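The values are calculated or read from the model by the stated rules, or taken from the named source; none is laboratory data. Only a predicted model underlies this, so the values are computations on that prediction, with no experimental measurement involved. Here the Cβ positions follow ideal geometry from the backbone for every residue, glycine too, while neighbour counts run over all protein chains shown. All accessible areas refer to the heavy atoms of the entire protein, side chains included, with ligands and DNA or RNA removed. Shrake-Rupley method; radii C 1.70, N 1.55, O 1.52, S 1.80 Å.
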Amino acid sequence: MLRGVPVALFDTRTPLVPLRDEIAARVAEVLDGGRFILGPNVEAFERELAAHVGAREAIGVANGTDAITIALRAMGVGPGDEVVVPSFTFFATAEAVVPTGARPVFCDIDLDTFCVTPDTVRAALTPRTAAVIAVHLFGNVAPVAAIEALGVPVLEDAAQAAGSTSEEGRPGALGSAATFSFFPSKNLGAFGDGGAITTSDPGIAERARMLHFHGSHDKQTHELVGYNSRLDELQAAILRVQLPHLDGWAAGRRAAAAHYVRSGLGAHVALPSAVAGSAPAWHLYVVRHARADELGAALVQGGIGTRGYYRTPMHRQPALAEHGAGARLPATEEAARTNLAIPMSPVLSAAQAAEVAGVLAAAASA
Ligand SMILES: Cc1ncc(COP(=O)(O)O)c(C=O)c1O
């Protein structure tokens, strides 16, 4: 096949080009100031992120995985408890439950949105359920209020959903608490690892703040055995430059999704659906097809970035075998087998979307 102009799966570089000078200036300020841990940039970023999502507080942590463990513990989850998590998600969502002493219990998803629903969660509830992790997968916004109506506290895993919105509010302000990852390829990406917890519950915020700093408020008295898990000043300074641009980038991601819809791609593969009432900032644009790997190979041949996500869902991962045994999750199995992520970024053009769609249409008709 003739190769067109390569299209990357992610484009994290182009949106940052106009911000380079400002980022360099903020980094230089941190170097001049000489404060690298828990300084003014972390404090300001925590305020700015909380305001952006509409939560009372944000607590910067070292990454999105720690954020989940710390948030669950701050919500009171511990040994003997169960936490309902989707199996179709990144490993970290389930992995982060285990250090709390609780057991992850896997639930299914809705195939069209890739998110948990009240029905899939209800099927996994037991008297020991202490929390549900609603993952806003691929930037979609899981229906948090409807899940809370089942009578269980919800932790939002918003690692992939910075910039998304819904009629209920923004991810980060919908459940008891929420967690973010600032891994570089995320919608809001640092230049290294980073994460945050957001919550409007003062008790959860206070415990999370203690837990992320060795279980202490002052490094003198340690009330809990916690973690050394902090966002650092350099990453916070870099994130502060980017945060005001997040909504614009989200609009670019939605425009890219609209390019795919207009390209007619939906006639050849199943396109992802937004959860009712939500406007996802698509972190990944993930289509489905019975011959996903074959279509993926055609994209690679055409110089187009692509990946099948979570081909082995979490309930079948070796490390989680004791928790996943016996789970029957048909939509998860189908999503794992048939999904294919195609290029998505705030700057993906109509021409690039048409090129991707053309290759997929040809491969799907072959
Ligand atoms: C859904 C989800 N949850 C949690 C994480 C963990 O975040 P981190 O890599 O910052 O630990 C990620 C991303 O890596 C993710 O995609």
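One table, with the values for the structure above:
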read-out	value
Scan of segment 286-336 for residues that are surrounded by fewer than 17 Cβ atoms within 10 Å (Cβ to Cβ) and among the β-branched types (V, I, T), ordered by number	V300, T312
When residues of segment 136-152 are limited to those that are aliphatic (A, V, I, L, M) and open to solvent by less than 10 Å² (accessible area, probe 1.4 Å), the one nearest to A177 (Cα to Cα)	V144
Enumeration of residues in segment 1-51 that are closer than 26 Å to L348 by Cα, open to solvent by less than 50 Å² (accessible area, probe 1.4 Å) and without any contact (Cβ under 8 Å) to a residue 60 or more places away in the chain	none
Qualifying residue in segment 14-32 (condition: within 16 Å of the ligand (Cβ to nearest atom) and either on the phi > 0 side of the Ramachandran plot or not hydroxyl-bearing (S, T, Y) (or both))	no
Segment 64-91 - residue that is closer than 18 Å to G195 by Cα and surrounded by fewer than 21 Cβ atoms within 10 Å (Cβ to Cβ) and, of those, nearest to the ligand (Cβ to nearest atom)	F90
Top-ranked residue in segment 161-213 [being aromatic (F, W, Y) and farther than 24 Å from A276 by Cα; ranked as surrounded by the fewest Cβ atoms within 10 Å (Cβ to Cβ)]	F191
Per-region count, segment 216-235, residues in contact (Cβ under 8 Å) with a residue 12 or more places away in the chain and either more than 21 Å from T100 (Cα to Cα) or open to solvent by less than 80 Å² (accessible area, probe 1.4 Å) (or both)	10
Residue count, segment 156-177 (criterion: outside any loop (DSSP other than H, G, I, E, B) and within 11 Å of the ligand (Cβ to nearest atom))	2
Every residue from segment 339-356 that is outside any strand (DSSP E or B) and open to solvent by less than 10 Å² (accessible area, probe 1.4 Å)	P343, M344, S345, A353, V356
